[in-house]
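Novice: Take a look at this one; I'll ask things after.
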Amino acid sequence: MMSQIRWSSTRVGLIAGSVSLALLATTMPAYAGTPQEVVAQDTAEAAPPATDPVAAALAEAKSSGKPVEVPSLTTQFSETTANTDGASFTSDMTPSPTRILVDGTWTDLDMSLAKTGGSVAPKVAGNSVSFAAGGSAAALASVSIPKDSLKSAAASMVSPDVSADVGRSTAADDPGVSLGWPTGQAPTPVVSGETARYAAIAPGVDAVVQANPRGFDLDLQVPAKLDAPATIALPLTFAGGVKVKDIAATKAAIPVLSAAGDPVGLIGPFTMSDSSVDPKSGEPSLVKPVPVSVASVGGKQVLQVPIEMFTQPDAVLPLKVSATIPIALNSWGRGWKGTNPADADFRVGVLNDATRARGYVSFPVGQRGAGTVTSASLSVWKDWTGSCSNKLEVVAMGAAWKPDVNNGFPGPTNGAVLATKEVPCPQTKLEEIKVGIPANVVQGWASGGTNHGFGFRTPDDTGSSPKIEWFRLCSPAECTGGSKKDNVPSLSVTYAAPQALTPTNLNLDPPLVNNMTTREQPTLQAAFPITPSPQMQQYPAWGRFRVFKMNGAQDGPIVCEMRVAVGGPGNTNAPMTSCPGGTKLENAQHYRFDAFGETAYGVVGTSGASFGPFLVDLVRPGPPLISATAVNAASGAAMTVPGDGWATTADPNKPVTFTVT
C-alpha cells in the first residue's frame, strides 16, 4: 500500500494511508485572513524615459520628418538610419568594409596614398597597408589586418565564404603578408591618388601598386618588348601565423593559409594582358593566366612571377601582369569557363560559346535586431554590356561558393530566380541596376537561416545555343568604368523596429499575504509574451521594473529601477537584491511597482502594468517554509521532497518528516 502527501506553503493534505508526522517546529503564525494575490492591471502607465541613442534616433526621425543616422547600429559593412515613420530602420550594406571607427567616429575609407614616416599608405584604411617610400630595403608592399576585426566580421557575416581561422589565431601579431624587392633598395615612387609607381624594379619592368579594403593590387608593367623572358622574384614574409606552401609553377593563385592549414587569403590570381580592347567584350584582346610559383631560396620563400611576351604580333604594349593580394574576409566570388578575366570585375553571361561566366556576392545581413524585414533591394553597377537588350537574372544561391578563385561554370547550385532586369543600350555607360528582393528571403537570413548570398547570370546561359548576353559588373574589389568606393554592390534592407512586449501577471515572490510583504528585498515578477528564437541571444528583449515609495495615494520617489533580460515566456524575475545601491524596502511603508517591455535597442514600450500598492511589515514573521523528507518508493532511500508537490512513500509505516520554519 502506498501513501501520498501533498502540501503547499499554507496547507497540508493527507490522502490514503496512515502517515506519522514528526513536526520539528509547531508554532504557527496567526493571520487575520488568507493569502491573496494582487492581480496586475494593464494600465496606461507612462513609460519611463528612454535614453538609448537608437530610441532617440527613431523619435527624432519621426518629429523632424528626415531620416536620422544611428551610429550605434553602424558597422564596417553597413550604415543604418531611423526612418521617418518612427517605427522602422533601413540598413544599407556592402560586401566589403567601407568605413572604420576613428577616435569613436565612423569614417569612410579613403584609399588615397600619402607619405607617412618611412612608408606610403592610404589615408583611412581598415587594414594596415603600406608601400615603400623609397631609399631603403623596405618591403615593396605589406598588408595585415587586426585579428579582432576578423572576429567581429565573422560574427556579423552569415556567409559561405567566411573563414574565421585567422580570427581564432593565438599568434601575437596580426595576420599579414609582405612582398619584398627583387634586389637592392626601393626606388622613390611616383604617387598619384590611390596608386604608387616604382620604375625599373627589374630590367624593363615597372611595378604599380594600389591599396584596396582587402589588401593591395599589384601590376607588373612592361612598357617595351623584352629581349628574353624574365622572372620577377619577390621575397615573401608572413606574420600572425599565416603561411604558404612551396608550390610549383602551375598555379595562377597561391592560397595563404592559417596555422591550421585553412585558406584565409590569396596571392593572385595572376594574369597577363595587353593594352588593346575587344569592342564586343570591353576586355583586353589578349589575356592569359600566369603560372606563378613559391620556392625556398636561401632559407626564405620567394614568389616567382614569369613574364613572357605574347607571341601574337598584334599585341599592343604596354603589357601588364596583374594580381590582387588580399588578407581579409571576402564575400564575393566568380565562376567562368574560357578566357581568364584580366581584372577583378564581375563577368556575367555568354560572350561566345567558349566564354561564359557567373558572379556571386553575399552581405552581412546578421539578425537585424530581431526586427521584421519589410522590404529589400539589391543594387549593382554595370560598366559594360556586350550588346543591347541584355537580361540579368539575380538568383538566391543554393550552395556554398569560394571567394576570389574560379568556381567553374556553371558553378554551385542556384536557387530560385529572385529578379530579372533588362538592361538596354548604351553598352559602355556606367549604370545602376536595381532590383527588388523578396523580403522573406532576407528575413530567412536574418532569422538565422543559411546565407549563401546572391548569384548573377543571364537566362539560358548553359544552353547549347544561348543568346549572346554579356555584362561587366563592378565587384567589391574592382570597377573598371567607375569608383571602387561609390559603385560597389549594395543591399538595402528596411525592417520594423522590434516592438516592446507588454507585461502581464505581475507579482511578488514570496507572494503577498493580506496585501503585505514581510521581505525588505522581495523579487519582482512579470510575464512577457515571447517566443524563444535564435535572435533572442543576440538581441534580447528586456523588462524594465520600477519601484515607487508611495506618498499617500500618490506615487512618491522611484527607489529602484532595474533592466532584466526576458529569457522566455515564463516569469521574468527581478530580485531587489539587484537594485542599484542594494535598495531595501522600509518597514510600515507602502510601495508599488510597475513593469514595461523594452527592446534590445532600448525602446521602452508605451503600455505597462502595475502591481500594488502593498504594505511592508518587517516585524510580522513571513509565511512558513515547509520542507519534508520522505522515503523513495522505488529505492526505499530517504529523499528530500520539493516545497510544493506530492510525496509518495513505499510503506505507510515509514514516516514523512516535515520541517516548518
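The values are calculated or read from the model by the stated rules, or taken from the named source; none is laboratory data. On a predicted model such as this, the values are computed, not experimentally measured, just so you know. Positions of Cβ are backbone-derived with ideal geometry, glycine not excepted, and every protein chain shown enters the neighbour counts. For accessibility, only protein heavy atoms count, side chains too; no ligands or nucleic acids. Shrake-Rupley method; radii C 1.70, N 1.55, O 1.52, S 1.80 Å.
Novice: List the number of the failed condition for residue 145; all other conditions in (1) of a type in the set (A, V, I, L, M); (2) loosely packed, with under 14 Cβ neighbours inside 10 Å; (3) modelled with pLDDT under 85 hold.
Specialist: (2)
Every residue, every condition in (1) touching a Cys at 6+ places or on another chain (Cβ under 6 Å); (2) open to solvent by 20 Å² or more (accessible area, probe 1.4 Å), yes or no:
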position	(1), (2)
425	yes, yes
444	no, yes
493	no, no
503	no, no
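Novice: For residue 572, indicate whether it is farther than 15 Å from residue 612 by Cα, at pLDDT 90 or above and among the hydroxyl-bearing types (Ser, Thr, Tyr).
Specialist: Spelling it out, residue 572 is indeed farther than 15 Å from residue 612 by Cα, at pLDDT 90 or above and among the hydroxyl-bearing types (Ser, Thr, Tyr).
Novice: Still on this structure, please answer the following. Search region 82-108 for residues being more than 17 Å from the chain's Cα centre (by Cα), of a type outside the set (A, V, I, L, M, F, W, C) and outside any loop (DSSP other than H, G, I, E, B), and hand back the single one that is nearest to residue 214 (Cα to Cα).
Specialist: 108
Novice: Kindly indicate whether any position in region 246-264 is closer than 23 Å to residue 180 by Cβ and at pLDDT 90 or above.
Specialist: no
Novice: Take region 609-643 and flag every residue that is at pLDDT 90 or above and either in a strand (DSSP E or B) or touching a Ser or Thr at 6+ places or on another chain (Cβ under 6 Å) (or both).
Specialist: 609, 610, 611, 612, 613, 614, 615, 616, 617 - these are the residues of region 609-643 that are at pLDDT 90 or above and either in a strand (DSSP E or B) or touching a Ser or Thr at 6+ places or on another chain (Cβ under 6 Å) (or both).
Conditions tested, residue by residue: (1) surrounded by 17 or more Cβ atoms within 10 Å (Cβ to Cβ); (2) over 30 Å from the mean Cα position of the chain (by Cα).
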residue: 562; (1), (2): yes, no
residue: 568; (1), (2): no, no
residue: 579; (1), (2): yes, yes
residue: 594; (1), (2): yes, yes
residue: 597; (1), (2): yes, no
residue: 603; (1), (2): yes, no
residue: 609; (1), (2): yes, yes
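Novice: Please specify each residue of region 40-95 satisfying the condition of being modelled with pLDDT of 90 or more and charged (D, E, K, R).
Specialist: 60, 62, 66, 69, 79, 85, 92
Novice: Being open to solvent by 30 Å² or more (accessible area, probe 1.4 Å) and farther than 29 Å from residue 335 by Cα, is that true of even one residue in region 241-255?
Specialist: yes
Novice: Filter region 75-113 down to the residues that are of a type in the set (Gly, Ala, Ser), open to solvent by 20 Å² or more (accessible area, probe 1.4 Å) and in contact (Cβ under 8 Å) with a residue 40 or more places away in the chain and list them by number. Break it down stepwise before answering.
Specialist: Quick first cut of region 75-113, residues of a type in the set (Gly, Ala, Ser) only: 78, 82, 86-88, 91, 96, 104, 112.
Now restrict to residues that are open to solvent by 20 Å² or more (accessible area, probe 1.4 Å): 86-87, 104, 112.
Hits for region 75-113 are 87, 112.
Novice: Would you please name the residue that is least open to solvent (accessible area, probe 1.4 Å), looking only at residues in region 187-202 that are of a type outside the set (Gly, Ala, Ser), within 17 Å of residue 116 (Cα to Cα) and touching a residue at least 24 places away in the same chain (Cβ under 8 Å)?
Specialist: Ranking the candidates gives 189 first.
Novice: Here are some conditions: (1) at pLDDT 90 or above; (2) in a strand (DSSP E or B); (3) open to solvent by less than 20 Å² (accessible area, probe 1.4 Å); (4) not hydroxyl-bearing (Ser, Thr, Tyr). Residue 461 meets all but one. Which one does it not meet?
Specialist: Residue 461 satisfies every listed condition except (2).
Novice: While we're here: Pick out the one residue from 453, 448, 481, 411 that is of a type in the set (Gly, Ala, Ser) and either free of Cβ contacts under 8 Å to residues at least 40 places away in the same chain or on the phi < 0 side of the Ramachandran plot (or both). Steps first, please.
Specialist: Details: 453 fails: either free of Cβ contacts under 8 Å to residues at least 40 places away in the same chain or on the phi < 0 side of the Ramachandran plot (or both); 448 fails: either free of Cβ contacts under 8 Å to residues at least 40 places away in the same chain or on the phi < 0 side of the Ramachandran plot (or both); 411 fails: either free of Cβ contacts under 8 Å to residues at least 40 places away in the same chain or on the phi < 0 side of the Ramachandran plot (or both).
Within the list 453, 448, 481, 411, the selection yields 481.
Novice: In region 58-74, which residues are open to solvent by less than 90 Å² (accessible area, probe 1.4 Å), assigned to a loop (DSSP other than H, G, I, E, B) and over 15 Å from residue 494 (Cα atoms)?
Specialist: 65
Novice: Being open to solvent by less than 20 Å² (accessible area, probe 1.4 Å) and modelled with pLDDT under 90, is that true of even one residue in region 518-526?
Specialist: No.
Novice: So which residues in region 353-365 are open to solvent by 10 Å² or more (accessible area, probe 1.4 Å), touching a strand residue (DSSP E or B) at 6+ places or on another chain (Cβ under 9 Å) and not basic (Lys, Arg), if there are any at all?
Specialist: Answer for region 353-365, where residues must be open to solvent by 10 Å² or more (accessible area, probe 1.4 Å), touching a strand residue (DSSP E or B) at 6+ places or on another chain (Cβ under 9 Å) and not basic (Lys, Arg): 354, 355.
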